[in-house]
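The values are calculated or read from the model by the stated rules, or taken from the named source; none is laboratory data. Quantities reported herein were computed from a predicted structural model and do not represent experimental measurements. Cβ placement follows ideal geometry from the backbone for every residue including glycine, while neighbour counts extend to all protein chains displayed. The protein model used for the area step is the full one, side chains on, heavy atoms only, and it has no ligands, DNA or RNA in it. Shrake-Rupley method; radii C 1.70, N 1.55, O 1.52, S 1.80 Å.
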Amino acid sequence: MKTQILTKRYINGLWIILILLMIPLYRVIGQDRTADINIEFHEDDEIKLITATIMETFGDSLGAPVPDLDVYFYVERTFNPLPIGDIFNTTDEEGKVTIEFPADLPGDSLGNVNLIVKIQESDEFADAEISRVINWGVPLEMDDRDSRRSLWAAGANAPIPLMILVNSLILIVWSIIIYMVYELYKISKM
Amino acid sequence: MSEVLTKIESIDLPDKSLKEIQDDLIWHIPVRTRTFKLWMIFLIIILLIGTFAYYRQLRYGLIVTAMRDYTSWGIYISNFVFYVALSLVGSLVSSILRLSNAKWATPLNRISEMVAVAAIICASIIIVVDMGRPDRFMYLFLYGRIQSPIVWDVIIIATYLVISFLLLYIPLLPDIALLRDRLKNIPRWQQKFYRIIALNWRHKPEQYKSIKKISGILMIMVIPVAFAIHTITSWLFATTWRPGWDSTNLGPYFVSGAFMLGCAGIIIAMYFIQKYLKLKEYITQKHFDNMGKLLVLLSLVYLYFNINEYLGPSFKMVGVEGEHITELFTGSYAPMYWFVQIIGLILPILILLFRRMRTPFPMLIISLLVIVGAWLKRFLIVIPSLQHPYLPIQDVDESYMHYIPTWEEWAINSANVAGVLLIITILIKLFPAIPVWEVAEEKGLKKH
């Protein structure tokens with residue numbers, strides 16, 4: 001019996017895979033427009049607002065505002081960036097979207113946070129990103145308990161009275177032991 | 001305590017010449033009896049089985065033991081605490097009794113020092129056996145935190161080991177010189193060994209003066225070090241947040257238990273040494289009688305601390321602490337707990353109150369009960385507490401909830417016990433079990 005490698009079912013499968021691969025390719029090719037992100041910060045009665053304005057760009061020149069575009073806001077953290085705002089933050093007719101900055105977000109020791117605003121995975125616009133440092137975070141008081149001298153700190157940070165006590169005891173007892181060994185040496189020479 | 005001890009009068013030694021006393025106390029050294037050989041073979045076989053079990057532990061890791069995340073200290077640590085406790089007997093007899101002017105205990109000095117040295121050596125060994133990575137032992141010194149009681153314990157054990165050795169060795173010097181000069185029918189290596197370790201001892205008055213001076217310093221110094229070693233061992237537990245260990249009573253509780261156990265240990269050693277070395281004239285009925293009284297006194301002190309240790313928590317029965325107490329009083333550890341308290345503690349006190357019971361054989365049996373009770377007590381201190389953590393693990397494996405030691409653990413522990421007996425046997429075989437020169441001096445046969 002003749003072996004048939006390229007069966008009809010197999011060829012159909014290959015077509016499906018090819019079409020599935022084309023979808024993300026189409027999405028990337030489809031993102032042929034570019035946009036500029038501009039951020040403004042407003043502080044009003046302890047409410048902190050961030051407004052991002054999205055304008056279409058043509059080379060170096062700015063075009064019209066971009067409405068109905070999802071914009072993503074993040075604050076940089078130690079590991080992954082933390083999303084802030086609503087789940088979807090969509091621009092209005094003027095290409096603007098405003099979100100409230102959380103009041104309790106820790107910053108660095110001075111309260112600085114790095115805000116990142118992104119256009120990502122849009123059907124029409126290429127990914128874009130902008131970041132700004134703003135002094136809106138809660139200043140972080142560094143927990144220096146580990147670096148203070150204590151019973152639970154690292155060996156290098158042992159309490160000084162404990163070190164003096166333990167080392168003195170060791171020194172006293174072992175000095176007596178060494179003295180006794182010396183006496184034994186003297187006995188052997190008598 | 002010292003008042004009680006000083007009232008116990010000095011014991012008459014046999015009316016013999018110096019040479020006769022010397023002969024009585026060293027006759028056994030060149031002799032190799034059949035019993036001795038069989039005893040040594042028996043101990044070596046146990047040691048070899050233990051060595052094989054330890055090889056398996058090194059090869060496959062601590063998984064060959066029954067220790068898991070909950071019971072992370074098993075019978076190795078029970079044995080460790082037991083031996084540290086036993087080693088305190090050196091300071092009890094050689095130092096506390098001597099400083100209390102209890103001259104009757106002179107013949108027991110060396111036995112207690114030998115037991116102490118053997119116990120502390122084996123305590124040091126078993127603690128290394130308990131380590132998953134013994135090759136990293138030196139890290140304790142290189143990277144240890146001075147705040148950790150484990151580091152204090154390592155330091156104090158090393159110190160006590162050296163002090164115990166000196167406490168045995170220094171008063172032994174005149175007797176080693178005696179063996180060097182008197183024993184001619186022994187192998188050459190043994191003659192050479194005595195010659196080297198005798199440190200050129202010539203029985204000169206200034207040499208005697210010198211060893212008396214350093215023995216005096218040692219006698220005083222060993223007391224705080226002995227208290228420290230067992231108190232720090234108790235702090236290994238007291239500073240760990242577990243039910244049953246969270247107690248301010250633990251230091252004196254451990255120390256008093258150690259003295260009781262050590263006293264029983266000496267009585268057992270006295271019995272066999274008196275019997276096999278034919279020393280009935282030196283270790284007399286009076287010695288057994290006095291040691292019996294001492295055991296009662298020490299047991300009463302330990303009973304007092306036991307009541308303190310259990311009354312408070314059992315009255316309150318708070319949370320996990322209550323679970324732990326219930327487990328001991330009526331749970332799966334109850335038979336062991338009540339054996340320890342009744343057979344191993346209360347019964348010996350009651351029996352030893354009778355003079356007729358303070359004779360060698362009944363005292364041997366009672367001391368064996370005390371020793372068994374004392375070992376089980378260390379088991380009860382270590383294991384049930386670990387099985388009731390304050391922060392239990394979710395969906396914990398069933399095997400974590402119980403601890404039944406594996407054959408490897410029993411074999412290694414038995415080898416450790418055999419190790420203590422082997423060291424004591426070798427020391428007794430090499431040196432007089434009773435200090436010849438001190439006995440002679442006490443009889444006024446030799447003035448230095």
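The table for this structure:
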read-out	value
Qualifying positions in the range B:198-209 - at the interface with chain A (Cβ under 10 Å from one of its Cβ atoms), open to solvent by 10 Å² or more (accessible area, probe 1.4 Å) and touching a helix residue (DSSP H, G or I) at 6+ places or on another chain (Cβ under 7 Å)	B:LEU199, B:ASN200
Flag if B:PRO134 is within 13 Å of another protein chain (Cβ to nearest Cβ) and open to solvent by 20 Å² or more (accessible area, probe 1.4 Å)	no
Count of the range A:25-42 residues which are open to solvent by less than 100 Å² (accessible area, probe 1.4 Å) and either modelled with pLDDT of 65 or more or not in a helix (DSSP H, G or I) (or both)	11
Residue under evaluation B:LEU236, criteria (1) open to solvent by 10 Å² or more (accessible area, probe 1.4 Å); (2) farther than 23 Å from A:LEU151 by Cβ, criterion not met	(2)
Any chance B:LEU142 is open to solvent by 30 Å² or more (accessible area, probe 1.4 Å) and either farther than 28 Å from B:ILE127 by Cβ or out of contact with any Phe, Trp or Tyr (no Cβ under 6 Å at 6 or more places or on another chain) (or both)	yes
Residue in the range B:175-193 that is nearest to B:LEU427 (Cα to Cα), counting only those that are within 14 Å of chain A (Cβ to nearest Cβ) and not charged (D, E, K, R)	B:ILE176
Filter pass, A:TRP152 being among the aromatic types (Phe, Trp, Tyr) and open to solvent by 80 Å² or more (accessible area, probe 1.4 Å)	yes
Helices (runs of 4 or more DSSP H) enclosed by the range B:311-420 - at least 1 residues per element that are of a type outside the set (Asp, Glu), more than 29 Å from the chain's Cα centre (by Cα) and surrounded by fewer than 21 Cβ atoms within 10 Å (Cβ to Cβ)	B:319-329
Subset of the range B:2-50 [at pLDDT below 90, of a type in the set (A, V, I, L, M, F, W, C), open to solvent by 70 Å² or more (accessible area, probe 1.4 Å) and touching a helix residue (DSSP H, G or I) at 6+ places or on another chain (Cβ under 8 Å)]	B:VAL4
In the range A:60-77, the residues that are assigned to a strand (DSSP E or B) and within 20 Å of A:ILE134 (Cα to Cα)	A:TYR72, A:PHE73, A:TYR74, A:VAL75
Matching residues, the range B:212-229, being within 25 Å of A:TYR185 (Cβ to Cβ), among the β-branched types (Val, Ile, Thr) and more than 7 Å from chain A (Cβ to nearest Cβ)	B:ILE220, B:VAL222
Residue satisfying condition, being at pLDDT 90 or above, closer than 23 Å to B:ASP289 by Cβ and out of contact with any Lys or Arg (no Cβ under 9 Å at 6 or more places or on another chain), within set B:MET114, B:MET131	B:MET114
Residues within the range A:132-176 that are under 24 Å from B:VAL225 (Cα atoms), of a type in the set (Gly, Ala, Ser) and more than 8 Å from every other protein chain (Cβ to nearest Cβ), tallied	2
Conditions (1) farther than 30 Å from B:VAL320 by Cα; (2) in a helix (DSSP H, G or I); (3) open to solvent by less than 20 Å² (accessible area, probe 1.4 Å): number failed by B:LEU279	(2)
Residues within the range B:41-75 that are touching a Phe, Trp or Tyr at 6+ places or on another chain (Cβ under 8 Å) and in a helix (DSSP H, G or I), tallied	2
Residue pairs meeting the criteria (Cβ under 7 Å; at least 6 apart or on separate chains; first within 7 Å of chain A (Cβ to nearest Cβ) and assigned to a helix (DSSP H, G or I), in the range B:141-169; second open to solvent by 40 Å² or more (accessible area, probe 1.4 Å) and at pLDDT 90 or above)	B:ILE155/A:ILE170
Hey, B:ASP153 of a type in the set (Asp, Glu) and under 25 Å from A:ILE170 (Cα atoms) or not	yes
Filter result for the condition that a residue is touching a residue at least 60 places away in the same chain (Cβ under 8 Å), among the β-branched types (Val, Ile, Thr), more than 14 Å from chain B (Cβ to nearest Cβ) and within 30 Å of A:ARG33 (Cα to Cα), over A:ILE99, A:ILE119	A:ILE119
Matching residues, the range A:177-190, being part of a helix (DSSP H, G or I), at the interface with chain B (Cβ under 7 Å from one of its Cβ atoms) and either among the aliphatic types (A, V, I, L, M) or closer than 25 Å to B:LEU142 by Cβ (or both)	A:ILE177, A:MET180, A:LEU184, A:ILE187
Flag if A:ILE170 is touching a residue at least 12 places away in the same chain (Cβ under 8 Å) and either open to solvent by less than 60 Å² (accessible area, probe 1.4 Å) or out of contact with any Lys or Arg (no Cβ under 6 Å at 6 or more places or on another chain) (or both)	no
